[in-house]
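The values are calculated or read from the model by the stated rules, or taken from the named source; none is laboratory data. Just so you know, these numbers come straight off a predicted model, no measurement behind them. Using ideal geometry, Cβ is built from the backbone for each residue, glycine included, and neighbour counts are taken over all protein chains shown. The accessibility values were calculated without ligands, DNA or RNA, using every heavy atom of the protein model including side chains. Shrake-Rupley method; radii C 1.70, N 1.55, O 1.52, S 1.80 Å.
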Amino acid sequence: MDVDAALSGAVRTLIDACNLDPEHKDLRGTPARVAKLWRTSFLAGYAMDPAEILGDLVTGEAPTELVVVRDIPFHGMCPHHLLPYIGTATVAYLPADALLGFGRLADLVRCFTARLTLQERACSDVVDALMHHVGARGAGCVMKGEHMCLRIPEQRHSTSVVTSAFRGEMKTRAALQDELLS
């Protein structure tokens, strides 16, 4: 299936359903632009494999304490309203016998947020992947997002959503959670 053609056709159908002229100067080319944006920004995570992202670990002696990467930008699309959300993530893990490149944590966040998914689910998916593919002793993720599905229809313009997920030692060691949440 040609994804761009299918998405473009769906957007044209939406424009038609709104009783708008798809050939109006402001709408000409909109179906193709929206299709490209969706494929490259809101659906790109489906083509990403967390095992591949987290592969090629640096093995050997790993530090015993926390590795934290803060302020990782993300965007996603709410599957309930098809409206975007944007925010930042903080990801941490307790290495066992391998280390990750810092950029891989950012790639992992993109893998799970560039999908039609809830922020809560993406947060959990990040830590589950670290536990499963890296064998971390513990992992945590905190995401703070601004959701257009709250801001636009409900007029809650300053609302933000904070989600967190902890696994392994990150779940049982409150001091580590505090470090991540601070």
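Looking across the range 105-116, just one residue is buried (at least 22 other Cβ atoms within 10 Å of the Cβ) and among the small types (G, A, S), and that is A114. Being of a type in the set (F, W, Y) and open to solvent by less than 80 Å² (accessible area, probe 1.4 Å) holds for only one residue in F102, F74, and it is F74.
Within the range 150-182, being under 19 Å from the mean Cα position of the chain (by Cα) and surrounded by 18 or more Cβ atoms within 10 Å (Cβ to Cβ) holds for L150, T163, S164, A165, F166, R167, L180. The residues of the range 91-125 that are aliphatic (A, V, I, L, M), in contact with a Gly (Cβ under 6 Å, 6 or more places away or on another chain) and closer than 22 Å to H147 by Cα amount to a single one, A114. None of V127, V109 is closer than 28 Å to D49 by Cβ and free of Cβ contacts under 8 Å to residues at least 40 places away in the same chain except V109. All of (1) among the hydrophobic types (A, V, I, L, M, F, W, C); (2) within 16 Å of the chain's Cα centre (by Cα); (3) open to solvent by 20 Å² or more (accessible area, probe 1.4 Å) hold for L54 with one exception: (3).
For S124, the requirement of being open to solvent by 60 Å² or more (accessible area, probe 1.4 Å) and among the small types (G, A, S) is not met. From the list T30, T88, the lone residue that is open to solvent by 40 Å² or more (accessible area, probe 1.4 Å), in contact (Cβ under 8 Å) with a residue 12 or more places away in the chain, hydroxyl-bearing (S, T, Y) and within 28 Å of L150 (Cα to Cα) is T88. Given the structure, is V142 within 16 Å of D71 (Cα to Cα), surrounded by fewer than 18 Cβ atoms within 10 Å (Cβ to Cβ) and not small (G, A, S)? Against the criterion (within 16 Å of D71 (Cα to Cα), surrounded by fewer than 18 Cβ atoms within 10 Å (Cβ to Cβ) and not small (G, A, S)), V142 does not qualify. Do we have L43 as of a type outside the set (D, E, K, R), surrounded by 15 or more Cβ atoms within 10 Å (Cβ to Cβ) and out of contact with any Cys (no Cβ under 8 Å at 6 or more places or on another chain) here? Considered against the rule, which asks whether it is of a type outside the set (D, E, K, R), surrounded by 15 or more Cβ atoms within 10 Å (Cβ to Cβ) and out of contact with any Cys (no Cβ under 8 Å at 6 or more places or on another chain), L43 comes out as yes.
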